1. Show me, for segment A:115-127, the HN-Hα J-couplings you get by feeding each phi into the Karplus relation (A = 6.51, B = -1.76, C = 1.60, θ = phi - 60°), rounded to Hz, glycine and proline as x.
2. If you take the alpha carbon radius of gyration of segment B:1-125 and divide it by 2.2 N^0.38 Å, what ratio comes out, to two decimals?
3. Starting from the coordinates of the alpha-carbon atoms of segment A:31-145, obtain the Kirkwood hydrodynamic radius over all distinct pairs and give the value in Å to one decimal.
4. Working from the alpha-carbon coordinates of segment A:249-362, get Rg over Rh, Rh being the Kirkwood radius.
5. Apply the Karplus curve 6.51 cos²θ - 1.76 cosθ + 1.60, θ = phi - 60°, to the phi angles in segment B:169-176 and return the couplings in whole Hz, x for Gly and Pro.
6. Which shape class, rounded, prolate or oblate, goes with segment A:307-365 when its Cα gyration tensor gives a ≥ b ≥ c as root eigenvalues, a/c under 1.5 marks rounded, and past that a/b bigger than b/c marks prolate?
7. Translational diffusion coefficient of segment A:122-274 at 37 °C, 0.692 mPa s, Stokes-Einstein with Kirkwood Rh over Cα pairs, in µm²/s as a whole number.
8. Over all alpha-carbon pairs of chain A, lay out the pair-distance distribution in 10 Å bins, whole %, shortest bin first.
Amino acid sequence: MKVVLQNLTKIFPSRDKKAGKEVVAVNDFTFEIPDGKLIGLLGPSGCGKSTTLYMISGLQKPTGGKIFFGDDDVTELSTENRGIGLVFQNYALYPHMTVKQNILFPLQNLKGADKLDKDTMLERAYEVARLVQIDELMDRKPSELSGGQQQRVAIARALVKMPRVLLLDEPLSNLDARLRLQTREEIRRIQKETGITTVFVTHDQEEAMSISDMIVVMKLGVVQQIGEPQEVYDNPINLFVAKFLGTPPINVLGGRVEGGRLFIGEDMVMEVTGVADQPVVVGIRPEGFELDDNGPLCCTLKNVEVMGRDVSIVSSHAASLNPQIRSIINADHRVDTSAETVRFSLKPHKVFLFDAGTEARIPYEVK
Amino acid sequence: MVDSKQQWKAWLYLSPAIILLLVFTVWPIINTVRMAFLDGYNGLAIVGGARFTVGIANFQKVIGLTSFKTSLYNTTLLCVLTVPISTLLALLIAVALNSIKPLQKLLQTIFFLPYVTNSIAIGMVFAAMFNIVGNMGTAGNDIIITAGIINNLIELFGGEPINWINAGSTYAANITVMVVYIVWNALPFKILVLLGGLQSINRQYYDAAKVDGTPRARVFTRITVPLLSPMLAYVIITGFIGGFKEYSSIVGIFGEDMGPAGAPHRLNTIVGYIYDALPKMNYGQASAAALILFAIILVVTMINMQVSKKRVHY
């Protein structure tokens, strides 16, 4: 089931009448989610990603715009008639019911033609429990389960009605780091096995990048960029997106373009053909640095962190807009840790230029 | 842990409370037990210099008395009727209050007013509402004049006025008035507790239920009530404890005679019986009755606790 969002807008009236300022949580969001894909809504808190999810679920009514499931306009349809499964951030499992009762609960609500007999309900419940691998825990209470198991129960409860669309609100935020890795793969597997169009919300870019077919990066209610994770990472549309994606984060430096050449401080670091002379913000991915004794970028060496496979070099540069520059290079290179400075050359496709005012990306030809 | 050199200070600061508790709570409890188990313990006998033997004669005497049996029956009946009714009503009102947004605070205040109003005063208002003023006319041609708003309402809808609380009223009518009054009086506290419980239930459970298309009745029985069960248990247990101590509500409506004119003590309760025994200096019997009341409350509370173990989800 494809999901189409058309100029979706949500405005919350201001709580304080005197202040009189309304909050635009989601502003003119248009996007067609292809059938059977896993979509990650990504952004810092307050960017409108959860509001978008709740509008798709029907728990919140949009102020403007339309939502389609397939060809059906569901904008005015109430939540229960949309055929969605929703997994809440803190799972919202009914604490007084066993896992089995929790999973059966949505089925017991079915009315009329959809009504199931007891055996079919149990069969369905066990089927979905096996899918998320909790069929051993059916008689336990939620309080007797670990966070990861509760998460699976919540997914099972959302899936048991065979929803047209599965929605997950910060599905991994309540799990510890190890469980998070495991569970996100699990979500991916379950989504692939069921083929249900799935939208999930997260503020963790790594989470979104690792399992999504497509990601939507949002900021203050406005969609910044939509695309496949790698594409968005490699081609950020503006400084915000570039900063938001990637760990460690992108290094940001002040620079200027003169005569088709990029200067950082006094160093001419790269040729950037086709860019007019102007001050620019330079974003360099940590993996965009190469150790080069004759390299154009000279930084003050502060620290070298060995991580086994890679070496992380922490240095500083007068033009850097962050306190430090972090570069990640292959551990095959030996770094002279006693040196005072370190010189890099840059990989052109890992260097992005942004307009110093609008922060929009400035394209240039890589030679 | 307090430094041992400083401990005397701690005791000093605690002493006002401890002394008051010892004098006015601990000693009376001990003395009640002592008096109850001294056969025939009686204020007059003490003056006469009598000595008492330890025994259970006070209990035997009390249990044998019709006045005590009446009191026990009235108390139990009022408890059994009012606790379930008031709890159910409070639950419905709390849920309704919780689901409306405008005027919620105002309505909350209105529903809480009876709690801060003197129960004797409320009783007098109720007595006025259920009032009926005498029979006029000659035999076979009775004209009943009513001055109570309840009877006025009944007449408005074409019914016959009922003698609720005045001379010649029936026991059933009296009990009905008491049930209405006690339930109304018990509502505010229960609503307050249940509303607090409702407001602490995570909204996401309701959102989850909404996503699943759960009918409202099912949300109520399968989600709201179980999640509210700790508060319900608390309200029911304290309701029974309060119910067995019922006294002032009856005084409020019927006065210290504990019954309509012509049938005094008809609505007496256990606490009423204890108070009645005191001016007669029957301290032994009063103490025995108090201990019986204590035993009843203990048993009822234990039953409540047992039931909650199965039904309450903490």
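1. For segment A:115-127, the Karplus curve yields 4, 10, 7, 4, 5, 4, 4, 4, 4, 4, 4, 5, 4 Hz.
2. Details: Rg = 24.6 Å, N = 125, 2.2 N^0.38 = 13.8 Å.
Taking N as the residue count of segment B:1-125, the ratio is 1.78.
3. Numbers: mean 1/r = 0.0600 Å⁻¹.
By the Kirkwood definition, the hydrodynamic radius is 16.7 Å.
4. On the way: Rg = 13.8 Å, Rh = 14.2 Å.
My calculation puts Rg/Rh at 0.97.
5. 6, 8, 4, 4, 5, 4, 5, 4
6. Details: a/c = 2.64, a/b = 1.78, b/c = 1.48.
Taking the square roots of the gyration eigenvalues as a ≥ b ≥ c, segment A:307-365 is prolate.
7. Details: Rh = 18.3 Å.
Translational D for this selection: 179 µm²/s.
8. In whole percents, the pair-distance histogram is 5, 21, 25, 21, 16, 9, 3, 0.
The values are calculated or read from the model by the stated rules, or taken from the named source; none is laboratory data. Since this is a predicted model, take the numbers as computed values, not measurements. Please note: Cβ atoms are built from the backbone with ideal geometry, for glycine as well, and neighbour counts cover all protein chains shown. In case anyone asks, the SASA skips ligands and DNA or RNA and just uses the protein heavy atoms, side chains included. Shrake-Rupley method; radii C 1.70, N 1.55, O 1.52, S 1.80 Å.
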